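Just so you know, all these numbers are worked out from the coordinates, no wet-lab data involved. Note that the coordinates shown come from a computational prediction; the quantities given were computed from them, not determined experimentally. Here the Cβ is made from the backbone with ideal geometry for all residues, glycine too, and neighbour counts use every protein chain on show.
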Amino acid sequence: MDELVYLRNDEAVCSSLQVAEKFEKRHDNVMRSIEGLLKNEETHEMFKNSSYIEEQNNQRYPMYLMNRDGFSLLVMGFTGKKALDWKLQYIKAFNQMEKFIREKQTQTWIETRKAGKLTRKAETDTIKNLVEYAKGQGSQHADKLYMTYSKLANKMAGISKRDEATVMQLNNLSLMEHIILCVIDSGIIAGKHYKEIYQDCKKRLETVKDLAYLEQSA
């Protein structure tokens, strides 16, 4: 996971594994430090048992997830310029995630998410037509187009999970999905190859994304 801080049960948390990596500590030493902190009952809500899968051997190993308070306690004794830099980055990441958690509770976010689901449904219906169209052109993996276009829209909107997206990101995602369904429909009508339709979508979205960024920075 690339994010320093992420959502777990509507709480901003970070992992002991990534803290160890960023602060250049051995993970087993970080785990022992956390276990030392857990000897105090007041810290039990700050750290939660979790696990991760090691890519090299596909084995599962233990780690801890911690909230802001747990993180602050853990890294309090970490010193040096690099440590300070990472502390500041984590503080910023916690602030951003906690701001998003507050935004997610607003009626604006709820209504935007609901509207986005309708756009997603329309896009999915259009992709369903594209799947059959691609099969007619000889595609052996046409069913993967749902995932292909979903990844494209998410990437262009700058999100990884819809339920962890801000109102602005959700609006951008709906725009991307609307463009996708329009380009697919026009591509099918024009009789284009399904791979060409994808490239058309990608080019159109890249143009729109660049314009959107220009508008936001203006």
Quotient of C-alpha Rg and 2.2 N^0.38 Å, computed over the range 45-155: 1.66
Backbone HN-Hα couplings from phi across the range 100-108 [Karplus 6.51/-1.76/1.60, Hz, Gly and Pro as x]: 5, 4, 5, 5, 5, 8, 7, 5, 4
Cα-Cα separations in the range 6-104 greater than 22 Å, expressed as whole percent: 30
Exposure rule at most 11 other beta-carbon atoms within 10 Å, DSSP loop trypsin sites (Lys or Arg not before Pro): the chain longest free segment: 40-160
FRET E, pair Tyr52, His141, Förster distance 30 Å, beta-carbon r, rounded to 0.05: 0.45
Rg over Rh [alpha-carbon atoms, Kirkwood Rh] for the range 115-218: 0.98
Rounded to the nearest 20 debye, dipole of the range 23-172 from Cβ charges on Lys, Arg, Asp, Glu: 380
Folded to 0 to 90 degrees: helix 27-37 orientation relative to the chain principal axis, Cα: 60
Mean Cα-pair separation over length for the range 1-133, i.e. relative contact order, pairs under 8 Å, 6 or more apart, %: 25
Segment Lys195-Ser160, extension gain: residue separation times 0.36 nm, minus the distance between their alpha carbons: 10.2 nm
Asp210-Arg32 FRET efficiency (beta carbon distance; Förster radius 41 Å; 0.05 resolution): 0.25
Cβ-based charge dipole, the range 4-61, positive-most Cα from Phe47, Val19, Leu4: Val19
About the Cα centre, charge dipole magnitude for the range 52-127 (Lys/Arg +1, Asp/Glu -1 at Cβ), debye: 240
Of every Cα-Cα pair in the chain, the percent that sits beyond 24 Å: 57
